[in-house]
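Worksheet for the structure shown next.
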Amino acid sequence: MRKEIIGACPVCGGRMHVRELGCKSCDITIRGEFDLSPFNALSKEELRFVEIFIRTQGNLREVQSELGLSYPTVKKALENVIRSLGYDVRPEPVPDPEDTDVLSRLKSKEISVEEAVERLKLGRKTV
């Protein structure tokens with residue numbers, strides 16, 4: 001039976017570390033203080049997600065299909081993995097209401113494509 005290293009202490013939830021390494025081949029033992037990989041802190045579900053994410057080359061639509069989850073759920077799972085690895089999750093960019101107005105005016109043909117591009121580049125208010 002294969003035993004896996006746990007990354008979080010079952011008592012306090014703190015990060016585990018290794019104090020001894022051994023080689024089955026030559027029977028050498030090395031003692032010291034060794035840090036585990038940040039990936040050892042991931043739960044089994046998070047590790048499975050990471051494996052699928054890597055296998056699909058980061059294509060969230062393929063991850064979604066394989067896991068049978070909605071896109072927002074897959075996106076949230078990725079954010080949880082990022083946080084578990086100790087990184088900050090960048091907030092989703094919020095569209096500028098002015099940009100939305102320019103695009104809606106373009107759609108209704110109130111302004112030309114060139115004018116819309118110029119306004120979006122310069123950030124000018126629509127008149």
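The values are calculated or read from the model by the stated rules, or taken from the named source; none is laboratory data. Here the structure is a predicted model, which is why all the values come from computation and not from measurement. Every residue, glycine as well, gets a Cβ built from its backbone with ideal geometry; the counts of neighbours run over all protein chains shown.
Checking the condition surrounded by 10 or more Cβ atoms within 10 Å (Cβ to Cβ), touching an Asp or Glu at 6+ places or on another chain (Cβ under 9 Å) and of a type in the set (Gly, Ala, Ser), which residue from Ser43, Ser65, Ser104 passes? Write out each step before concluding.
Values: Ser43 fails: touching an Asp or Glu at 6+ places or on another chain (Cβ under 9 Å); Ser65 fails: touching an Asp or Glu at 6+ places or on another chain (Cβ under 9 Å).
Ser104 is the lone residue from the list that is surrounded by 10 or more Cβ atoms within 10 Å (Cβ to Cβ), touching an Asp or Glu at 6+ places or on another chain (Cβ under 9 Å) and of a type in the set (Gly, Ala, Ser).
Among Glu110, Glu92, which is the only one that is of a type in the set (Asp, Glu), exposed (fewer than 11 other Cβ atoms within 10 Å of the Cβ) and part of a loop (DSSP other than H, G, I, E, B)?
On the way: Glu110 fails: exposed (fewer than 11 other Cβ atoms within 10 Å of the Cβ).
Of the residues listed, the single one that is of a type in the set (Asp, Glu), exposed (fewer than 11 other Cβ atoms within 10 Å of the Cβ) and part of a loop (DSSP other than H, G, I, E, B) is Glu92.
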Completion exercise
Note: among Ala77, Ala8, just one is surrounded by 11 or more Cβ atoms within 10 Å (Cβ to Cβ) and out of contact with any Phe, Trp or Tyr (no Cβ under 9 Å at 6 or more places or on another chain), namely Ala8
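Residues checked against (1) of a type in the set (A, V, I, L, M); (2) at pLDDT 95 or above:
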{"position": "Arg15", "(1), (2)": "no, no"}
{"position": "Asp35", "(1), (2)": "no, no"}
{"position": "Leu42", "(1), (2)": "yes, no"}
{"position": "Glu51", "(1), (2)": "no, yes"}
{"position": "Arg90", "(1), (2)": "no, no"}
{"position": "Asp101", "(1), (2)": "no, no"}
{"position": "Lys107", "(1), (2)": "no, no"}
{"position": "Glu115", "(1), (2)": "no, no"}
{"position": "Lys121", "(1), (2)": "no, no"}
